[in-house]
């Protein structure tokens, strides 16, 4: 071994010192560089895994939300159709009610018109009777040449009215 040391000009003390220095540098690097670096890398790995897990959860929630949205839209469409149908029914009922009221008003107006016509007819007949009575009295006066008494006038008028009817 000494021949080896002398051939390569190795110094055992120097090699031991270098080994000791290497161990110190390795320990310093282990505690101050490699250990914190491993810790940061471990935390970063956990963060990435958590982010991937959260992304999967978000995708699941998004899919669930989409399904709920579609379901809500379907329910809303059905409700809207129901409301529209109900509104159409109410509008039809309202239209029928309005038509019925209009018919009733027309019937009332026609009835009032008939009553008015009957009333006007009776008034006209009464006026005509009075005029005919006056005419009969005047004609009778001219024919007889003299004025009749009220009782005779009344009788003549009544007979003339009976004939007219």
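The values are calculated or read from the model by the stated rules, or taken from the named source; none is laboratory data. Small disclaimer: the values here were computed from a predicted structure and weren't measured. Here Cβ is always computed from backbone atoms with ideal geometry, including for glycine, and neighbour counts include all displayed protein chains.
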Take residue 119 and decide whether it is in a helix (DSSP H, G or I), more than 42 Å from the chain's Cα centre (by Cα) and farther than 30 Å from residue 162 by Cβ. no
Working carefully through the options 38, 52, 14, 29, find the one that is assigned to a helix (DSSP H, G or I) and exposed (fewer than 10 other Cβ atoms within 10 Å of the Cβ). 14
Residue match in segment 127-149 (condition: assigned to a helix (DSSP H, G or I) and at pLDDT 85 or above): yes
Would you call residue 83 part of a helix (DSSP H, G or I), modelled with pLDDT of 95 or more, out of contact with any helix residue (DSSP H, G or I) (no Cβ under 7 Å at 6 or more places or on another chain) and surrounded by 10 or more Cβ atoms within 10 Å (Cβ to Cβ)? yes
